[in-house]
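Below: one structure, written as structure tokens.
The values are calculated or read from the model by the stated rules, or taken from the named source; none is laboratory data. Treat the numbers as computed from the prediction; the structure is a model and nothing was measured. Cβ sites come from the backbone with ideal geometry, for glycine too, and all protein chains shown count toward neighbours. When the accessible area is computed, the model is the full protein with side chains, heavy atoms only, and any ligands, DNA or RNA have been set aside. Shrake-Rupley method; radii C 1.70, N 1.55, O 1.52, S 1.80 Å.
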Amino acid sequence: MGRVSSSDDPSPHGAPADSPGANLPALRGHNAALVLGLLRAAGEEGVSRRELAARTGLTPQAVSKITARLRTEGLVAEAGRRASTGGKPATVLRLVPGARHAAGLHLERDELTAVLADLTGRAVAVRRAPLAFEAGAEPVLTTVEREVAALLAQAGGPPVLGVGVACPGPLDHTAGVLHRVTGAPQWDGFPLRDALAERLGLPAVLDKDTNAAALGLERDRPAGAGSFGYLHLGTGLGAGLVLDGSLYRGPRTGAGEFGHQTVQLDGPRCGCGRRGCIEALCLAAVARGDLPGAAQALGVGAANLVELLDIDEVLLGGRTVLEQPGAFLDGVGRALTDLARTRDGGGPGARSAVPVALARGGARTVADGAAELVLAPLFGGRPGLTPR
């Protein structure tokens, strides 16, 4: 948790209020986000104002101003007092989970999953519907509009901050524009974020499905848990990368196109136009019922990723993995064990294999992460985008 100025609305670095770069509303928002982030992390146990001041570096007066404002907005409530240790019992504050919500959409090639999450990230409503992503923009926008309306009605029409949208890449998350999605080139250049914001009447953010999933998974990992790669095998294959605690997209937002690394020069033709991509090998093996072969191909890619980035864990998800998780955990785990054995020679100082596990969330991993695209900035997270 970064330290902040000891006042609720000071200029940065002690600069006068009229100096270049002094942005008082932004700093006030930053301080409030720090407080909200601690309240979210505390859960039902809650946090006292004194604890908030100690953990943020804000003065007690600043914390009182911020929490008073958050209580007025309905985001925070008092929830009893701590037992006295000799002084005045401290009042405990808690986040009000239902004060605001975020919608998360996972646009797969053939299915839409929509969730409505409260401020803790818990899904309070879920819907699924068939989707023809490769049919183009108009049918997709119509399906999303209908399902989001039904989702909000199902939850009783709660206040919604915005909608996070996760779909196959490549795409530019900063501009909210799709590029040449494998198998659906007609989406190239389409401003999906702004089109959905207009249809839904809500602020929207857009990212790749794997990035959204990785962001959501990172939220619940303990501090210091290390870097990980999330490998998603469904109708396609991609990766979300969290390195040193941050979601990594690359300078051109192209990181994570994991499925299009060539591993067999004379392999089958891939939808991207090249031959021997891991995605093509995995999907071809699945199509012919060869799950061990698909898991072996995925394991080769996972080992390459570990060797390249020295990550601490591999997480698996996606529809195809969830249908037969044991086969994929075994195949990838075997590849990572072989990598550790050959890399270190099996001597006394040899490192253990990088662990592999199923990602939390099951079939909702991506949709839950899409909702987190909207929620994260409210709590001081930095997903690399601003809802608009």
- Message: Against the definition (in contact with a strand residue (DSSP E or B) (Cβ under 8 Å, 6 or more places away or on another chain) and among the acidic types (Asp, Glu)), how does Glu44 come out, yes or no?
- Response: yes
- Message: I want to confirm something. Restricting to the range 183-200 and keeping residues that are more than 22 Å from the chain's Cα centre (by Cα) and open to solvent by less than 40 Å² (accessible area, probe 1.4 Å), which single residue is nearest to Leu233 (Cα to Cα)?
- Response: Ala184
- Message: Please determine whether any residue of the range 173-182 is in contact with a strand residue (DSSP E or B) (Cβ under 7 Å, 6 or more places away or on another chain) and within 19 Å of Leu298 (Cα to Cα).
- Response: no
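For the range 292-305, which positions are within 17 Å of His232 (Cβ to Cβ) and either in contact with a strand residue (DSSP E or B) (Cβ under 7 Å, 6 or more places away or on another chain) or open to solvent by 10 Å² or more (accessible area, probe 1.4 Å) (or both)?
Filtering the range 292-305 for residues within 17 Å of His232 (Cβ to Cβ) gives 294-295, 297-302, 304-305.
Within the range 292-305, Ala297, Leu298, Val300, Ala302, Asn304, Leu305 meet the criteria.
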- Message: Based on this model, can you work out whether Thr120 counts as within 30 Å of Ala77 (Cβ to Cβ), in contact (Cβ under 8 Å) with a residue 40 or more places away in the chain and polar (S, T, N, Q)?
- Response: yes
- Message: From the list Gly267, Gly226, Gly293, Gly234, exactly one residue is touching a Gly at 6+ places or on another chain (Cβ under 6 Å), among the small types (Gly, Ala, Ser) and farther than 20 Å from Leu373 by Cβ. Which is it?
- Response: Gly267
- Message: Scan the range 81-92 and tell me whether some residue there is open to solvent by less than 50 Å² (accessible area, probe 1.4 Å) and under 29 Å from the mean Cα position of the chain (by Cα).
- Response: no
- Message: Every residue in the range 307-324 that is in a strand (DSSP E or B) and open to solvent by 20 Å² or more (accessible area, probe 1.4 Å), please.
- Response: Glu313
- Just for the range 139-174: of the residues that are touching a Lys or Arg at 6+ places or on another chain (Cβ under 8 Å) and among the small types (Gly, Ala, Ser), which one is surrounded by the most Cβ atoms within 10 Å (Cβ to Cβ)? Ala166
- When residues of the range 121-134 are filtered for being open to solvent by 50 Å² or more (accessible area, probe 1.4 Å) and closer than 12 Å to Glu372 by Cβ, how many remain? 1
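Please find, among Arg343, Arg334, the residue that is at pLDDT 95 or above and part of a helix (DSSP H, G or I). First the steps, then the outcome.
On the way: Arg343 fails: at pLDDT 95 or above.
On inspection, the qualifying residue turns out to be Arg334.
Taking Gly98, is it surrounded by 14 or more Cβ atoms within 10 Å (Cβ to Cβ) and farther than 30 Å from Gly236 by Cα? Steps first, please.
Details: surrounded by 14 or more Cβ atoms within 10 Å (Cβ to Cβ): yes; farther than 30 Å from Gly236 by Cα: yes.
The answer is yes for Gly98.
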